[in-house]
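One structure is given here, and the rest of the page talks about it.
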Amino acid sequence: KGTVTVGLQLEPPHLDPTSAAAGAIDSVLYSNVFEGLTRFMGDGSVVPGLAKSWDISDDGTEYTFHLQDGVTFHDGTGMDAEDVKFSLDRARAEDSTNAQKALFAGISDVSVVDPMTVKVTLSEPNGSFLFNMAWGDAVIVAPESIGDIKTTPIGTGAFKFSGWVQGDKIELVKNADYWGTPAHLDSATFKFISDPTAAFAAMMAEDIDAFSGYPAPENLPQFDADPRFQVLIGSTEGETILSTNNKQPPFDNVKVRQAVAHAIDRQAIVDGAMFGYGTPIGTHFAPHNPAYVDLTGQSAHDPDMARSLLAEAGFPDGFETTLHLPPPSYARRGGEIIAAQLAEVGIKAEITNVEWAQWLETVFRGKNFGLTIVSHTEPMDIGIYARPEYYFQYDNAAFQQLMTDLNGTTDPAKRTEMLQQAQKIIADDYVNGYLFQLAALGVAKADLQGLWVNAPTQATDLTGVSWAK
Amino acid sequence: MSRNLVLGAILSSLVVLAAVLSFVWTPFEHTAMNIPAKLQIPNGTHWFGTDHFGRDIFSMIMVGARTSIAVALVAVGIGMSIGIPLGLTAAARRGSWLDELIMRANDLVFAFPSLVIAILITAVFGAGAINAIIAIGIFNIPVFARITRGAALSLWEREFILAARVAGKGAARISAEHILPNVANLLIVQGTIQFSLGILAEAGLSYVGLGAQPPTPSWGRMLADAQTMVSFAPHLALVPGLAIIVTVLGLNLMGDGLRDWLDPKLRVART
Amino acid sequence: MTLLSVENLSLSIGGLPILRDVSLSIGPGEIVAVTGESGSGKSMTALATMRLLPERSMTNGAIRLGDTSILDQSEAQMCTLRGQSIGMVFQEPMTALNPVKTIGDQVMETILIHKAMTPVKAQEHARDVLTRVGLPADRFPLTRYPHELSGGQRQRVVIAMAIALRPKLLIADEPTTALDVTTQAQILDLLKDLVTEFDMGLLMITHDLAVVADMADRIVVMRHGEVVETGPTRQLLTNMQHPYTRMLFDASRHQVALPPVPPPVPLLDVQHVIRDYRLPRTQLFTGPGHYRAVDEVSFTLNRGERLGLVGESGCGKSTLTRALLGLEDVQGGRILLDGEPVFTGHKPNLAVRRKMQVVFQDPFGSFNPRHRVDRLITEPFHLLNSAPAGSERSDRIAEMLRAVGLEPDDANKYIHQFSGGQRQRIAIARALIIRPELILFDEAVSALDVSVRAQILDLLAELCEAYNLTYLFISHDLSVVRTVTDRVLVMKSGKIVEQGETEAVFTAAQHPYTQSLIAAAPVLPDPETLRRSLDNV
Amino acid sequence: MVRYTLKRLLSLLISLAIASLVIFAVVEVAPGDPASFMLGINAQPDTVAALRAELGLDMSRTERYLVWVSGLIQGDFGTSYTYRTPVAEMIGERLWVSLPLALYALMLSTLIAFPAGIYAAARRGTAGDVAMMGATQLGVAIPNFWFAMILVLIFAINLRWFGAGGFAGWDDGIWVGLHSLTLPAIALALPQASILARVMRSALLDILGEDFMRTARAKGLTRRQALWRHGVRNALIPVLTIIGLQFSFLMAGSIIIEQVFYLPGLGRLVFQAISSRDLIVVESVVMLLVFAVIVVNFAVDLAYAAVDPRLRSRT
Ligand SMILES: Nc1ncnc2c1ncn2[C@@H]1O[C@H](COP(=O)(O)OP(=O)(O)OP(=O)(O)O)[C@@H](O)[C@H]1O
Ligand SMILES: Nc1ncnc2c1ncn2[C@@H]1O[C@H](COP(=O)(O)OP(=O)(O)OP(=O)(O)O)[C@@H](O)[C@H]1O
Ligand SMILES: [Mg+2]
Ligand SMILES: [Mg+2]
């Protein structure tokens, strides 16, 4: 069998990974169709992509990338340094609509050395530049095909885009002229099934061969018990947190935030909302990262302590607040449980279910909320705590300084130490309620191999996938 | 009284009883979670089992009846209190521009895809019971306006109305004194039917997450929550599903029974 | 030889006895009329013969058609008899035809269902039959739909369907009750001709004794599900044995004596009244069409006078009534009551309305079924500035109920607890309660049985004495108008074509329309003259 | 007739104009911005502004309304904010699912309802009638999404006769497409069929009491012949009204069913568009649905005339 049908929960709005935040675009196209200078591997490491190697100047501000030979776009045109320059310049331009424009903010110049060599100059050293270039938003696109990229994506990957039935599926076929190790599969279909029940049914009925980012953890034991299927449990970069509006009273009082943290029973949430899948966290950091420190004990479930903290803060009878819940089930279910747990210590959280668009408007941009639950899926994103205007509005000058210093530091040991310090600061300040690290849940036919287990970025990399036997 | 009416009344009053009783007593606190005790099948302690948070389903069903009834009742109330006067006015001014305007407006509301509008309304004003009520209620207006007008039009042709006009009574007075009481039966029957449709609509809206918000239990949301667990905990979907079916069935049977009972014309055996 | 014989037929529906020991017979070419008051079981007898009785019916006795015993036939056998051996015509031509099928199809169906002919021949035959009943091919192609025909024409189609296979027996249940007198005369003639032509037996059901006397060879009088008297027409008419039969015939000829007319003082003055109905536009650039229902009508009604208005269905009688009541505006002319217009500006003149009341035709539809009698009859109090209340009100109610021959206790009943005749009395009480100067009777006795009608007419005469009534009596029934009015207007297509003293108009009509109307109306022969003519034979 | 048609057409246009205003107004006040939705939480304000400009969202509401409406008049539905494809194209594609599904469901419901209703009417009061009416009561009471869940459980997961959802497309032949629409069509058809059967039965019972049915019997037709030849066609008028209503409902009301079976239909398109604030898609689809309902009503009126000659001659 040379083909595979993969279920995904969300359908991409369009197919240009460089001009939308939708993870769904990367889920389909990352590494399969589009490639960047560097790329993520399934274990989260960053390896060479279209750049086979690079030289970094001593001051860390000049990156000279040596491109792979013989790379062609799917439309037959060759990929060279001009395309790289075009892609990077386009992303950082004034009128760019790149959703992660910040990734490119440090670039001061991109110049073509020769057709196979590009030099990128940064305004200041950036320890995570190569990491940044592995993002789906930094893939290399060609000027010739940019006009239609939203409907006909032309990349350099091992698969070519072959068709899209909107609302239903996207089809890819093997790229025979691929520069690297060719794909095992001849073709692949991504089917979009947003409804968890439908996902279960489709999987069970074997309408699809695999489901990446399976939305209903409660069904996994059934798949596990069924010899037809295998269940893939890994980690994501998603810290699921009870985001707290640090500027809105009474959450501007650290005691109150601490009370909230102690009111929460993480294990109950992981069990109740995620049916046991997920790793409890005590700070905003991914547990699989070597720099992670386990701080969960600092905010252990202790309702009595929560109540006394509330009393100390001047709320012996608790208070009322709002809890905005976006659509994913971790938020909706987790929210119900948290509301019940908060109610036990006297905090009455009124649940409002919102859609993403509304969440962005009222919570994220309007900052008009008390509490909300959301999973921050960007890798290594502790830096958001250094942005006082960020929606949870945490403003700590010491932390901000720490982050600035971190950016200028390249020594790995130093960096680890600083990162751990950062984790502790935000845990001590109880900025948000830290719940759990989102698990990467996948289901596949038993004889399908080579799928990513972890999800270092949103991607369904099929280049290494094949059928056993 | 027909079999339908009796059976329908029994089923409906069962549901109403559960709803009323829930104010003073439920076997468990309906919001109380007990996650280790989740997904129990029906047993002696939890008569209908527990849900994925370990809440007692029987208690949730009881309180959910409250939500369903309240939403449907108020929605029908909105439909009636606006629709009936509109229908009476249109009939009283039959053939005039006002009649035309009212009926056209009705057609227009009818032409809107109700579910889409309901979703829009909740998108605009936020999900919640109140907005579900408004969304369902708006689409009840033309139903009652039409049925009132239709019945009233034929009444206006009747001689007893002519007699009232000869007695010098104005249109408003005749509508209130003669027309309304004579269309009341029809409206009661339609009311029960709309009521049952309202319950279904509420369930549908809650099912897509636009109805009453947690922790207020709602049968539709219970169904939605249960969806993915049907294959290993079927009672989660069966119980609220049956609750909806029983209620709607009861109301429809009652509507049918009422129609036969209130309208002796239909009871006469036909050759 | 008898064609149909019904012997000791008893019928009960759901345990309730309807017919008891009904016996009658019909020979070929004979017309037998079954008559009697409403509910006496006439229709049930006919339906029993067709075996089309309602569910839960139980029959006893015997019905024989020639040699076949109808009651012993299976349903399948009955289906071959119906339409082939027995045809039936029902009362309501408006609803007896399927509105969505052409008349040709419906007539052909009788033929085809019995597989009597090939479809092509059936079509030809249907054409012939329709022509025979007076619907010639050039004006009435087979492709016409029922709604494109008038009532009389529809009744002809129904007759064509019934006689298409030349059944031996034709049953007609009130075939002309819903029709105008002139149309009625034509249909009756057609039936008579068909009987002679086809040598059919005709079982004709009618409550109209004048029709009975005119048509039938033999008469069967029924009452409460029993045959009370039967015999050849002339013999029965001249020598009625049963008191019920006699009562029936007396009531049909009932005459009342009205008090004399006071000297003329005009009360109602109608001048050149025009009433147009707007019709839906048919063409784009022409204005909306109008239908003139009342056309330049002028007359005066004097105080204490009883004026009649006759005319065929649809000639504009009710429309005129509504205009007189000021319920609708008129498009031309003026209507003055006591010198004041009934309609001013855009609304009725209530001061004038107070002086006028009306009694409608339908004893069932003219009362709100949800109100009690006291509330029903006091509804006109609404017109008074100070309506009587308390004991004054109950006194008035009692007085009125007594005046119309009911009991004061009846005030607490609902309308469904009264018979048709009683309801009409209540309607009169309602009209009288505010002592109006003018009462309009729109077909006030048309829906009533003859005996009840006689009582109501008596009541009218009494009330004329007691209350000095002035009224306009509208009816299509000439004999009734003749006895309760002093003067009469004859209306045709919205126009008054003739008016004058009632007796004068009836004895020497001037206008051809009046003449045809009077000629078409069947009259009950005077028993004396009949007896004499019988003696002469 | 021409005048009547013109008058109707005019009132239709006015209705559509009002509908467009209402839709636009409702959709526009919905909180949420398509641009920020698309760019997600890390987007910088200038990026969002750039995208808003690109999408034409920086125009005033009045301007946007006028652009939209004048586009509609020329048959141009605009370009989707999120998908960046012409809305007309998207709708066209979705119609290839929604329309066949609606027709399929309608056909099923008619095929079930007609015989059931006629059977019950013909055998009024018998055990068969009571059973049939009991079944329809149940059919009306069962929420269709619940029924859909059960169908999937039985026929897709356990028996595996049908796929659990999704739409196979028409490329592999009409049967493949229909096969994939069968379960959704059944789920949609069940309550509709129940309602229709009840309407059919009661309309027929009304007709059975009519004089012309007695006339038909008097001609020698058996009870059943009379029912079929004279009853059914007359009963079609109320039944047609319901069929018209149901069709409109099926076009738009299958959102939930499309969700359960992940069908790429119109309903799901609006649903997605609402959640991603793809306003122009929402507006255009709703407008189209309103238009469809009005047209269907018109068609039903025409169908009345085909059934009932009395209406044909009326102008
Ligand atoms: N379907 C029925 N079920 C029970 N009783 C009935 C039914 N139809 C008629 N009757 C009763 O049978 C009796 C005879 O009715 P029938 O119709 O024969 O009267 P009729 O002499 O034809 O009266 P009319 O002149 O009003 O037509 C009446 O008392 C009536 O109430
Ligand atoms: N609302 C209306 N619109 C149009 N035409 C009407 C309307 N009402 C009555 N007509 C027509 O006006 C004419 C007179 O009607 P009207 O009711 O006055 O007749 P009528 O003499 O009382 O008849 P009947 O004896 O049947 O009661 C009829 O041809 C009728 O069709
Ligand atoms: Mg009769
Ligand atoms: Mg009249």
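For segment C:240-281, filtering for residues that are exposed (fewer than 14 other Cβ atoms within 10 Å of the Cβ), touching a strand residue (DSSP E or B) at 6+ places or on another chain (Cβ under 7 Å) and of a type in the set (A, V, I, L, M, F, W, C) leaves 2. The set of residues from segment A:403-437 being free of Cβ contacts under 8 Å to residues at least 12 places away in the same chain and within 26 Å of A:Q258 (Cβ to Cβ) comprises just one member, A:E417. Among residues of segment C:293-337 being on the phi > 0 side of the Ramachandran plot and open to solvent by 40 Å² or more (accessible area, probe 1.4 Å), the one that is nearest to ligand 3 (Cβ to nearest atom) is C:G314. Filtered by the rule that a residue be touching a residue at least 24 places away in the same chain (Cβ under 8 Å) and either closer than 16 Å to C:S318 by Cα or not in a helix (DSSP H, G or I) (or both), segment B:142-161 gives a lone residue, B:W156.
Suppose the filter is in contact with a helix residue (DSSP H, G or I) (Cβ under 6 Å, 6 or more places away or on another chain), farther than 15 Å from D:F291 by Cα and aromatic (F, W, Y); does D:F247 pass it? Spelling it out, it is not the case that D:F247 is in contact with a helix residue (DSSP H, G or I) (Cβ under 6 Å, 6 or more places away or on another chain), farther than 15 Å from D:F291 by Cα and aromatic (F, W, Y). Among the numbered conditions (1) within 16 Å of ligand 3 (Cβ to nearest atom); (2) part of a helix (DSSP H, G or I), the only one that C:L459 does not meet is (1). Checked against the criterion of being within 10 Å of chain D (Cβ to nearest Cβ) and either open to solvent by less than 10 Å² (accessible area, probe 1.4 Å) or over 17 Å from the mean Cα position of the chain (by Cα) (or both), segment B:188-195 contains not a single residue that satisfies it. The residue pairs whose first member lies in segment C:355-373 and is without any contact (Cβ under 8 Å) to a residue 60 or more places away in the chain, whose second member is away from ligand 1 (no atom under 16 Å from the Cβ) and assigned to a loop (DSSP other than H, G, I, E, B), and whose beta carbons are closer than 7 Å, counting only pairs six or more residues apart or on different chains, are C:G365/B:R158; C:R372/C:K413; C:V373/C:K413. Reported count of residues in segment C:250-270, each being over 18 Å from C:E305 (Cα atoms), out of contact with any helix residue (DSSP H, G or I) (no Cβ under 6 Å at 6 or more places or on another chain) and not acidic (D, E), is 1. Restricting attention to segment A:48-60, the residues that are within 18 Å of A:T117 (Cα to Cα) and open to solvent by 20 Å² or more (accessible area, probe 1.4 Å) total 7. Counted as qualifying within segment C:273-390 are the helices (runs of 4 or more DSSP H) with 1 or more residues that are within 16 Å of ligand 2 (Cβ to nearest atom), namely C:317-324. Tallying residues that are at the interface with chain D (Cβ under 8 Å from one of its Cβ atoms) and crowded, with 21+ Cβ neighbours inside 10 Å within segment B:118-135 yields 4. Summed over segment C:27-58, residues that are more than 16 Å from ligand 3 (Cβ to nearest atom), surrounded by fewer than 18 Cβ atoms within 10 Å (Cβ to Cβ) and more than 14 Å from chain B (Cβ to nearest Cβ) total 4. Any residue in segment A:136-148 that is touching a residue at least 60 places away in the same chain (Cβ under 8 Å) and over 11 Å from A:D26 (Cα atoms) sitting within a Cβ distance under 7 Å of a residue that is among the aromatic types (F, W, Y) and open to solvent by 10 Å² or more (accessible area, probe 1.4 Å)? List the pairs, counting only those 6 or more apart or interchain. As it stands, the answer is A:P143/A:F86, since those pairs meet every condition given. Of all the residues in segment C:234-268, those that are of a type in the set (S, T, Y) and touching a residue at least 40 places away in the same chain (Cβ under 8 Å) number 2. Scanning segment C:194-247 for residues that are among the basic types (K, R) and either at pLDDT 90 or above or within 21 Å of the chain's Cα centre (by Cα) (or both) turns up C:R218, C:R223.
Kindly check whether there is at least one residue in segment A:440-457 that is in contact with a Ser or Thr (Cβ under 7 Å, 6 or more places away or on another chain), at pLDDT 85 or above, part of a loop (DSSP other than H, G, I, E, B) and open to solvent by less than 10 Å² (accessible area, probe 1.4 Å). Within segment A:440-457 (the criterion being in contact with a Ser or Thr (Cβ under 7 Å, 6 or more places away or on another chain), at pLDDT 85 or above, part of a loop (DSSP other than H, G, I, E, B) and open to solvent by less than 10 Å² (accessible area, probe 1.4 Å)), the answer is no, since none of the residues qualifies.
May I ask you to verify whether C:R127 is within 27 Å of C:L179 (Cβ to Cβ), free of Cβ contacts under 8 Å to residues at least 24 places away in the same chain and open to solvent by less than 50 Å² (accessible area, probe 1.4 Å)? Considered against the rule, which asks whether it is within 27 Å of C:L179 (Cβ to Cβ), free of Cβ contacts under 8 Å to residues at least 24 places away in the same chain and open to solvent by less than 50 Å² (accessible area, probe 1.4 Å), C:R127 comes out as yes. Residue by residue through segment A:1-47, note down the ones that are open to solvent by less than 20 Å² (accessible area, probe 1.4 Å), at pLDDT 90 or above and at the interface with chain D (Cβ under 10 Å from one of its Cβ atoms). Selection gives A:G7 alone.
For the condition at negative phi, within 11 Å of another protein chain (Cβ to nearest Cβ) and either more than 16 Å from ligand 1 (Cβ to nearest atom) or open to solvent by less than 40 Å² (accessible area, probe 1.4 Å) (or both), C:E75 qualifies.
Restricting C:V445, C:V488, C:V523, C:V452 to residues that are surrounded by fewer than 20 Cβ atoms within 10 Å (Cβ to Cβ) and either assigned by TED's automatic domain parsing to the domain that holds C:L307 or assigned to a loop (DSSP other than H, G, I, E, B) (or both) narrows the list to C:V523. Those helices (runs of 4 or more DSSP H) of segment D:65-154 in which at least 2 residues are closer than 30 Å to D:M213 by Cα and modelled with pLDDT of 85 or more, considering only elements entirely within it, cover D:87-122, D:127-141. The number of residues in segment A:227-240 being surrounded by fewer than 23 Cβ atoms within 10 Å (Cβ to Cβ), among the polar types (S, T, N, Q) and under 21 Å from the mean Cα position of the chain (by Cα) comes to 1.
For (1) outside the structural domain of D:F249 (by TED's automatic domain parsing); (2) at positive phi; (3) open to solvent by less than 10 Å² (accessible area, probe 1.4 Å), each residue gets a yes or a no:
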{"site": "D:L138", "(1), (2), (3)": "no, no, no"}
{"site": "D:P143", "(1), (2), (3)": "no, no, yes"}
{"site": "D:I150", "(1), (2), (3)": "no, no, no"}
{"site": "D:F155", "(1), (2), (3)": "no, no, no"}
{"site": "D:R160", "(1), (2), (3)": "no, yes, no"}
{"site": "D:W170", "(1), (2), (3)": "no, no, no"}
{"site": "D:G177", "(1), (2), (3)": "no, no, yes"}
{"site": "D:S180", "(1), (2), (3)": "no, no, no"}
{"site": "D:L183", "(1), (2), (3)": "no, no, yes"}
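For segment A:63-95, the tally of residues that are in contact (Cβ under 8 Å) with a residue 60 or more places away in the chain, under 21 Å from A:N126 (Cβ atoms) and either within 14 Å of chain D (Cβ to nearest Cβ) or over 28 Å from the mean Cα position of the chain (by Cα) (or both) stands at 2. May I ask you to verify whether C:S12 is farther than 29 Å from C:R234 by Cα and either assigned to a strand (DSSP E or B) or within 16 Å of ligand 2 (Cβ to nearest atom) (or both)? Judged against the criteria, C:S12 is a match.
The values are calculated or read from the model by the stated rules, or taken from the named source; none is laboratory data. Quantities reported herein were computed from a predicted structural model and do not represent experimental measurements. So basically every Cβ, Gly included, is an ideal-geometry build from the backbone, and we count neighbours across all protein chains shown. Just so you know, the surface numbers come from the protein's heavy atoms only, side chains and all, with ligands and any DNA or RNA stripped out. Shrake-Rupley method; radii C 1.70, N 1.55, O 1.52, S 1.80 Å.
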